[in-house]
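Q: Just dropping this structure here.
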Amino acid sequence: MWQQVAGVTLAEVQRQTELWHWDTTALHVSFYPVDQESVVMAKRKGGKTRAAQVEAERVKERNVKEGKGKERTPAKSPTKSPTKSPARTPVSSPRFAPPTLDELTAYCQEKGFMWDATGFIDHYISNGWKVGGKTPMKDWKAAARNWERRKSDFGSNSRQQQLPQNAAPHWPAGYIAPETTDF
């Protein structure tokens with residue numbers, strides 16, 4: 001069968017050549033690096049050992065995920081000592097804490113902001129201390145500076161169109177204004 005896969009005949013395999021010859025049941029290959037054979041065999045053995053370790057780790061992870069057993073450490077290979085990476089200390093960012101009214105008022109006075117701090121706090125409390133309604137706030141001082149910078153965009157009456165003081169209201173056709181009714 002292997003002869004068909006390799007595309008050779010039995011006669012070709014048994015033929016004597018300069019590259020190899022058969023000595024009863026042993027095949028002798030000319031120019032074979034015998035001195036490198038032990039190195040190659042050691043690498044193959046080490047590769048099989050490492051492959052077994054990787055497979056054992058996969059099985060362990062699968063079992064832990066499926067809850068099939070206790071987490072065990074795989075047997076260590078005597079041929080290869082594992083190299084440990086240096087321990088990493090987790091870098092933690094300080095957790096956001098909303099300012100108190102006193103803290104915000106003091107910051108506004110320090111920066112010379114001329115707006116009421118309670119409006120700022122009420123706004124962000126109602127939004128769950130999220131910027132733009134989506135992103136959790138990280139720095140309330142930066143939000144206060146942005147509030148100051150954009151206060152003209154969000155004036156007290158910016159969403160309602162205000163009539164000039166001397167303008168009369170526009171009443172729909174057929175509507176009698178309350179000032180002109182006589183009862």
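Conditions (1) within 36 Å of the chain's Cα centre (by Cα); (2) at pLDDT below 75; (3) not hydroxyl-bearing (Ser, Thr, Tyr), marked per residue:
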position: Glu18; (1), (2), (3): no, no, yes
position: Glu66; (1), (2), (3): yes, yes, yes
position: Lys70; (1), (2), (3): yes, yes, yes
position: Pro78; (1), (2), (3): no, yes, yes
position: Lys84; (1), (2), (3): yes, yes, yes
position: Asp102; (1), (2), (3): no, no, yes
position: Glu110; (1), (2), (3): no, no, yes
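Q: Output yes when any residue across the range 46-61 is modelled with pLDDT of 70 or more, loosely packed, with under 11 Cβ neighbours inside 10 Å and closer than 30 Å to Gln14 by Cβ, and no when none is.
A: Scanning the range 46-61, I find no residue that is modelled with pLDDT of 70 or more, loosely packed, with under 11 Cβ neighbours inside 10 Å and closer than 30 Å to Gln14 by Cβ, so the answer is no.
Q: Now for a separate question. Has the range 22-29 got at least one residue that is surrounded by 11 or more Cβ atoms within 10 Å (Cβ to Cβ), out of contact with any Phe, Trp or Tyr (no Cβ under 7 Å at 6 or more places or on another chain) and at pLDDT 75 or above?
A: yes
Q: Name the single residue, out of those in the range 93-133 being free of Cβ contacts under 8 Å to residues at least 12 places away in the same chain and among the aliphatic types (A, V, I, L, M), that is surrounded by the most Cβ atoms within 10 Å (Cβ to Cβ).
A: Here the answer is Ala106.
Q: Looking at (1) outside any helix (DSSP H, G or I); (2) touching a strand residue (DSSP E or B) at 6+ places or on another chain (Cβ under 9 Å); (3) not aliphatic (A, V, I, L, M), find the lone condition where Ser152 falls short.
A: (2)
Q: Moving on. What tally of residues in the range 140-150 results from selecting those that are without any contact (Cβ under 8 Å) to a residue 24 or more places away in the chain, loosely packed, with under 14 Cβ neighbours inside 10 Å and within 16 Å of Glu103 (Cα to Cα)?
A: The total comes to 1.
Q: Also, quick follow-up: Scan the range 112-124 residue by residue and report those that are outside any helix (DSSP H, G or I), at pLDDT below 90 and of a type outside the set (Phe, Trp, Tyr).
A: Met114, Asp116
The values are calculated or read from the model by the stated rules, or taken from the named source; none is laboratory data. As the structure is a prediction and not an experimental result, all values here were calculated from the model. Heads up, the Cβs are rebuilt from the backbone with ideal geometry, glycines too, and the neighbour counts pull from every protein chain shown.
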